[in-house]
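**Student:** I have a structure here, written as structure tokens, and I will follow up with some questions on it.
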Amino acid sequence: MTLAYAEEASHVHRVGHLSDRQIAQATGAAPSTVREWLAHRSAPTGVRAERLAELSAIVERLARVIRATYIPVWLSKPVPSLDDEKPIERIAKGDYRSVAKLISSLEDPGAS
């Protein structure tokens with residue numbers, strides 16, 4: 001079993017200040033499963049690994065444009081340009097692109 005994805009879960013937890021529950025919400029895993037990932041006793045596979053990689057990419061981009069401790073709040077707030085859905089809900093549905101597009105407007109406000 002590769003623990004690279006478990007390391008990625010730890011990275012998201014550390015850099016993005018996301019709780020086990022928030023990581024679980026984004027990946028479709030149970031919080032207890034995410035705690036196993038964070039302890040490096042198991043690692044996500046399949047769709048959960050894919051959602052985790054997308055969450056990680058979002059967290060890394062957000063960390064460049066907002067205060068890292070605000071990332072969990074930003075991901076959990078309804079956003080008008082996402083039809084009042086929360087970014088974390090969109091990630092959970094596999095809609096990485098709409099969240100990434102929204103972050104692009106934060107990265108380069110003149111581009112939107």
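No lab work stands behind these numbers, since they all come straight from the coordinates. These figures come from a predicted structure and were not determined experimentally. Methodologically, a virtual Cβ is constructed for each residue, glycine included, from the backbone with ideal geometry; neighbour enumeration extends over all protein chains shown.
**Student:** Kindly provide the helix-only [θ] at 222 nm of the chain, computed as the sum of -39,500 (n - 2.57) over DSSP H runs of four or more divided by all residues, to the nearest 500 deg cm²/dmol?
**Tutor:** -19500 deg cm²/dmol
**Student:** I've got another one for you. Just the projected area, averaged over all directions, of the convex hull on the alpha carbon atoms of the chain: how many nm²?
**Tutor:** Numbers: hull surface 25.5 nm².
Seen from a random direction, the Cα hull of the chain projects 6.4 nm² on average.
**Student:** If we count other beta carbons within 10 Å of each Cβ, what is the order of 37, 74, fewest first?
**Tutor:** Values: 37 28, 74 20.
The order, fewest Cβ neighbours first, is 74, 37.
**Student:** Another question about this same structure. Skipping prolines and chain starts, which residues have an amide H placed within reach, meaning under 5 Å, of the one on residue 85, given they are 5 or more residues away or on another chain?
**Tutor:** 79
**Student:** Based on the Cβ-Cβ distance of residue 70 and residue 10, what FRET efficiency does E = 1/(1 + (r/R0)^6) give at R0 = 22 Å, to the nearest 0.05? List each step's numbers first, then the result.
**Tutor:** On the way: r = 20 Å, r/R0 = 0.91.
E between residue 70 and residue 10, to the nearest 0.05, is 0.65.
**Student:** Percent relative contact order of the stretch 4-111, based on C-alpha pairs within less than 8 angstrom and at least six residues apart? Working shown, then result.
**Tutor:** Working: 141 pairs, mean separation 29.6, N = 108.
Rounded, it is 27 percent for the stretch 4-111.
**Student:** Ranked by Cβ crowding within 10 angstrom, fewest neighbours first, how are 65, 59 ordered? Mind showing how you got there, number by number?
**Tutor:** Working: 65 14, 59 23.
Final ranking by Cβ density, sparse to dense: 65, 59.
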